[in-house]
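Okay, so here's the structure we're looking at.
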Amino acid sequence: MKTRERGLGLISLILVSAMVVALGAVLVRIVPTVIEYQSIQRAAQRASQGGTVAEVRSLFDKAAAIDDISSIDGRDLEISKQNDRVIVEFAYEREIHLAGPAWLVMRYSGRSK
């Protein structure tokens, strides 16, 4: 009476491991951009406390220097007023080189609350 073996074969194990490693390599490159986005969001929120456009840009640049934000600066902000509140909006792209001609383009945008 023959029993059928169950589980992954060697080739399947190698392929699954390669996919997990490739996914891990991409995640290692994506996570810092997400952390930077969160820092930019907090900096925009703090900058919205300013009264003038110049003050908002200055507050953002100070927060960017503290949080080591390099993707965007105060000149890239869209500043407007809604119901006597300053709204700070931003949008930017980050490109991550994967391999050969392959790039991962991440577009981030947000606004103060």
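The values are calculated or read from the model by the stated rules, or taken from the named source; none is laboratory data. These numbers were taken from a predicted model, which means no experiment stands behind them. Glycine also receives a Cβ, built like all others from the backbone with ideal geometry; neighbour counts cover every protein chain displayed. Heavy atoms of the whole protein, side chains included, go into the accessibility calculation; ligands, DNA and RNA do not. Shrake-Rupley method; radii C 1.70, N 1.55, O 1.52, S 1.80 Å.
Could you list, in sequence order, all residues of region 56-75 that are exposed (fewer than 14 other Cβ atoms within 10 Å of the Cβ) and more than 16 Å from the chain's Cα centre (by Cα)? A65, I66, R75 - these are the residues of region 56-75 that are exposed (fewer than 14 other Cβ atoms within 10 Å of the Cβ) and more than 16 Å from the chain's Cα centre (by Cα).
Taking region 1-35, which residues are open to solvent by less than 100 Å² (accessible area, probe 1.4 Å), within 30 Å of F90 (Cβ to Cβ) and either more than 12 Å from the chain's Cα centre (by Cα) or free of Cβ contacts under 8 Å to residues at least 40 places away in the same chain (or both)? G24, A25, V26, L27, V31, P32, V34, I35, listed by residue number. From G51, G110, which residue is part of a loop (DSSP other than H, G, I, E, B) and either surrounded by 13 or more Cβ atoms within 10 Å (Cβ to Cβ) or without any contact (Cβ under 8 Å) to a residue 40 or more places away in the chain (or both)? Checking each option against the conditions leaves just G51. Among the residues examined, R42 qualifies as on the phi < 0 side of the Ramachandran plot, of a type in the set (K, R) and surrounded by 11 or more Cβ atoms within 10 Å (Cβ to Cβ).
Of the residues making up region 76-107, those that are open to solvent by 100 Å² or more (accessible area, probe 1.4 Å) and either at positive phi or not charged (D, E, K, R) (or both) are N83, D84, P101, W103.
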